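> Quick one: structure below, then a few questions.
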Amino acid sequence: MIRNVLGAVLALAGAAAAVLSPFRDWYDGRLGRHYRLGDLFTGTGATGTQSGGLFGSLWLPFLCAAVVTVLGVVLRSRTLVALAGMVVLGFTVLWMVRVFQVTDSLAVAGDGSGLDVGVALAAGGGALMLLGSATMSGRHRLRGREPEYGAPGSAAPDTWPPTREPGPSVQTSPWPEPEGDDPYVGPDNPGPHREPPSPPSG
(Lines give C-alpha, C1' and ligand atoms only; values in the text may rest on other atoms or scores of the structure.)
Protein backbone atom coordinates (compact mmCIF):
# COMPACT_ATOMS: atom_id res chain seq x y z
CA MET A 1 0.00 0.00 0.00
CA ILE A 2 2.77 2.44 0.93
CA ARG A 3 4.68 1.61 -2.25
CA ASN A 4 1.62 2.27 -4.38
CA VAL A 5 1.04 5.65 -2.73
CA LEU A 6 4.69 6.69 -3.07
CA GLY A 7 4.85 5.51 -6.68
CA ALA A 8 1.62 7.35 -7.50
CA VAL A 9 3.00 10.60 -6.05
CA LEU A 10 6.20 10.29 -8.10
CA ALA A 11 4.31 9.41 -11.28
CA LEU A 12 1.81 12.27 -10.93
CA ALA A 13 4.61 14.74 -10.16
CA GLY A 14 6.40 13.59 -13.31
CA ALA A 15 3.23 13.93 -15.37
CA ALA A 16 2.68 17.49 -14.09
CA ALA A 17 6.28 18.42 -14.93
CA ALA A 18 5.92 16.99 -18.44
CA VAL A 19 2.70 18.87 -19.14
CA LEU A 20 4.19 22.12 -17.83
CA SER A 21 7.47 21.81 -19.74
CA PRO A 22 6.19 22.99 -23.18
CA PHE A 23 5.21 26.32 -21.59
CA ARG A 24 8.81 26.97 -20.54
CA ASP A 25 11.85 27.79 -22.64
CA TRP A 26 13.43 24.80 -24.34
CA TYR A 27 16.21 26.14 -26.55
CA ASP A 28 17.47 29.61 -27.40
CA GLY A 29 14.57 31.28 -25.60
CA ARG A 30 11.91 29.36 -27.56
CA LEU A 31 8.99 27.73 -25.76
CA GLY A 32 8.44 24.02 -26.15
CA ARG A 33 4.90 24.55 -27.44
CA HIS A 34 6.35 26.44 -30.41
CA TYR A 35 8.03 23.29 -31.75
CA ARG A 36 5.83 21.52 -34.23
CA LEU A 37 5.27 17.86 -33.60
CA GLY A 38 5.54 16.95 -37.28
CA ASP A 39 9.04 18.44 -37.55
CA LEU A 40 10.37 15.77 -35.24
CA PHE A 41 9.66 13.11 -37.88
CA THR A 42 11.06 14.95 -40.89
CA GLY A 43 14.54 15.81 -42.02
CA THR A 44 14.02 19.54 -41.64
CA GLY A 45 14.80 19.44 -37.94
CA ALA A 46 12.98 21.24 -35.18
CA THR A 47 14.29 24.76 -35.61
CA GLY A 48 11.56 26.24 -37.77
CA THR A 49 10.00 29.48 -36.63
CA GLN A 50 6.43 28.61 -37.62
CA SER A 51 4.30 27.33 -34.76
CA GLY A 52 1.91 24.45 -35.28
CA GLY A 53 -0.52 25.46 -32.58
CA LEU A 54 -0.84 24.04 -29.10
CA PHE A 55 -2.31 20.68 -30.15
CA GLY A 56 0.19 20.39 -32.99
CA SER A 57 3.21 20.91 -30.75
CA LEU A 58 5.18 18.91 -28.22
CA TRP A 59 2.43 19.53 -25.71
CA LEU A 60 0.13 16.93 -27.32
CA PRO A 61 2.21 13.77 -26.63
CA PHE A 62 2.99 15.04 -23.14
CA LEU A 63 -0.70 15.58 -22.45
CA CYS A 64 -1.50 12.06 -23.65
CA ALA A 65 1.28 10.67 -21.47
CA ALA A 66 -0.15 12.52 -18.46
CA VAL A 67 -3.61 11.05 -19.10
CA VAL A 68 -2.14 7.55 -19.37
CA THR A 69 -0.26 8.15 -16.12
CA VAL A 70 -3.44 9.09 -14.30
CA LEU A 71 -5.15 5.95 -15.63
CA GLY A 72 -2.18 3.85 -14.57
CA VAL A 73 -2.29 5.28 -11.06
CA VAL A 74 -6.05 4.70 -10.77
CA LEU A 75 -5.75 1.14 -12.06
CA ARG A 76 -2.48 0.58 -10.19
CA SER A 77 -0.88 -0.49 -13.46
CA ARG A 78 2.88 -0.23 -13.52
CA THR A 79 2.90 -0.93 -17.25
CA LEU A 80 0.79 2.13 -18.14
CA VAL A 81 2.88 4.43 -15.96
CA ALA A 82 6.11 3.11 -17.42
CA LEU A 83 4.73 3.48 -20.97
CA ALA A 84 3.85 7.12 -20.29
CA GLY A 85 7.34 7.79 -18.96
CA MET A 86 8.94 6.25 -22.04
CA VAL A 87 6.74 8.39 -24.30
CA VAL A 88 7.86 11.60 -22.57
CA LEU A 89 11.52 10.61 -22.62
CA GLY A 90 11.27 9.38 -26.19
CA PHE A 91 9.88 12.63 -27.57
CA THR A 92 12.38 14.65 -25.53
CA VAL A 93 15.32 12.65 -26.85
CA LEU A 94 13.95 12.79 -30.41
CA TRP A 95 13.68 16.58 -30.16
CA MET A 96 17.26 16.81 -28.91
CA VAL A 97 18.48 14.67 -31.82
CA ARG A 98 16.69 16.87 -34.36
CA VAL A 99 18.06 20.07 -32.84
CA PHE A 100 21.57 18.65 -32.72
CA GLN A 101 21.38 17.74 -36.41
CA VAL A 102 20.94 21.44 -37.20
CA THR A 103 22.93 23.25 -34.53
CA ASP A 104 25.65 20.65 -33.81
CA SER A 105 25.41 21.69 -30.18
CA LEU A 106 23.19 21.00 -27.19
CA ALA A 107 25.13 22.86 -24.55
CA VAL A 108 23.62 24.62 -21.56
CA ALA A 109 24.48 28.33 -21.83
CA GLY A 110 24.15 30.87 -19.06
CA ASP A 111 22.67 33.52 -21.37
CA GLY A 112 19.69 31.30 -22.31
CA SER A 113 20.91 30.47 -25.80
CA GLY A 114 21.29 26.75 -25.10
CA LEU A 115 19.16 24.09 -23.47
CA ASP A 116 16.80 25.60 -20.95
CA VAL A 117 14.53 24.63 -18.10
CA GLY A 118 11.80 23.21 -20.33
CA VAL A 119 14.01 20.34 -21.44
CA ALA A 120 14.96 19.63 -17.84
CA LEU A 121 11.29 19.50 -16.82
CA ALA A 122 10.45 17.10 -19.65
CA ALA A 123 13.40 14.80 -19.01
CA GLY A 124 12.89 14.91 -15.25
CA GLY A 125 9.16 14.27 -15.62
CA GLY A 126 9.74 11.19 -17.74
CA ALA A 127 12.34 9.91 -15.27
CA LEU A 128 9.93 10.44 -12.36
CA MET A 129 7.26 8.43 -14.19
CA LEU A 130 9.64 5.53 -14.68
CA LEU A 131 10.75 5.77 -11.06
CA GLY A 132 7.12 5.82 -9.95
CA SER A 133 6.31 2.71 -11.98
CA ALA A 134 9.30 0.92 -10.46
CA THR A 135 8.23 1.94 -6.95
CA MET A 136 4.61 0.85 -7.31
CA SER A 137 3.84 -2.69 -6.24
CA GLY A 138 0.95 -3.00 -8.69
CA ARG A 139 -2.27 -4.88 -8.18
CA HIS A 140 -2.25 -7.92 -5.94
CA ARG A 141 -3.91 -10.94 -7.45
CA LEU A 142 -6.41 -12.70 -5.29
CA ARG A 143 -5.25 -16.13 -4.32
CA GLY A 144 -7.37 -19.00 -5.53
CA ARG A 145 -9.10 -21.39 -3.23
CA GLU A 146 -6.87 -23.91 -1.60
CA PRO A 147 -7.23 -27.39 -3.11
CA GLU A 148 -9.30 -29.77 -1.10
CA TYR A 149 -7.46 -32.83 0.07
CA GLY A 150 -9.22 -36.05 0.82
CA ALA A 151 -8.28 -38.71 3.30
CA PRO A 152 -4.94 -40.36 2.51
CA GLY A 153 -5.03 -43.69 0.79
CA SER A 154 -3.34 -46.92 1.69
CA ALA A 155 -0.17 -45.92 -0.15
CA ALA A 156 0.58 -43.23 2.45
CA PRO A 157 -1.46 -44.07 5.53
CA ASP A 158 0.65 -42.06 7.97
CA THR A 159 0.82 -38.73 6.16
CA TRP A 160 -1.65 -35.93 5.55
CA PRO A 161 -1.42 -33.32 2.74
CA PRO A 162 -0.35 -30.66 2.12
CA THR A 163 2.44 -30.56 4.70
CA ARG A 164 3.17 -34.28 4.58
CA GLU A 165 3.67 -34.29 8.30
CA PRO A 166 3.18 -37.52 10.24
CA GLY A 167 -0.41 -38.05 11.27
CA PRO A 168 -2.66 -40.76 12.61
CA SER A 169 -2.70 -44.09 10.88
CA VAL A 170 -5.61 -44.88 8.65
CA GLN A 171 -7.43 -48.20 8.90
CA THR A 172 -7.62 -49.69 5.44
CA SER A 173 -10.04 -52.50 6.28
CA PRO A 174 -13.79 -51.80 6.34
CA TRP A 175 -14.29 -54.32 9.18
CA PRO A 176 -13.72 -53.63 12.86
CA GLU A 177 -10.33 -54.36 14.23
CA PRO A 178 -10.12 -57.93 15.68
CA GLU A 179 -10.04 -58.25 19.44
CA GLY A 180 -7.75 -60.51 21.40
CA ASP A 181 -8.55 -64.15 22.31
CA ASP A 182 -8.32 -63.62 26.09
CA PRO A 183 -11.75 -63.66 27.80
CA TYR A 184 -12.94 -60.62 29.60
CA VAL A 185 -12.15 -60.66 33.29
CA GLY A 186 -14.44 -58.46 35.35
CA PRO A 187 -13.98 -57.26 38.91
CA ASP A 188 -16.25 -60.09 40.30
CA ASN A 189 -14.60 -62.75 38.19
CA PRO A 190 -10.85 -62.37 38.56
CA GLY A 191 -10.00 -65.60 36.79
CA PRO A 192 -11.49 -68.50 34.87
CA HIS A 193 -10.52 -71.09 37.55
CA ARG A 194 -11.99 -69.36 40.59
CA GLU A 195 -14.68 -71.45 42.39
CA PRO A 196 -17.96 -69.75 43.18
CA PRO A 197 -18.69 -69.25 46.92
CA SER A 198 -20.62 -72.17 48.62
CA PRO A 199 -24.04 -71.47 50.07
CA PRO A 200 -24.29 -71.18 53.84
CA SER A 201 -25.20 -74.39 55.74
CA GLY A 202 -28.26 -75.11 57.94
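> Can you work out the Karplus-derived ³J(HN,Hα) for every residue in the stretch 62-73? Use 6.51 cos²θ - 1.76 cosθ + 1.60 with θ = phi - 60°, whole Hz, and x for glycine or proline.
The phi angles translate into 5, 5, 4, 5, 5, 5, 5, 5, 4, 4, x, 5 Hz.
> Then there is this: Can you list residues from other chains, or at least 5 along the same chain, whose modelled amide H is less than 5 Å from the amide H of Ser57?
Leu37
> Related question: Over the stretch 1-102, what percent of the accessible surface lies on carbon and sulfur atoms, probe 1.4 Å?
72
The values are calculated or read from the model by the stated rules, or taken from the named source; none is laboratory data. Note that the structure is a prediction, hence the values are computed from the model and not measured. Surface areas here come from the heavy atoms of the whole protein model, side chains and all, with no ligands, DNA or RNA. Shrake-Rupley method; radii C 1.70, N 1.55, O 1.52, S 1.80 Å.
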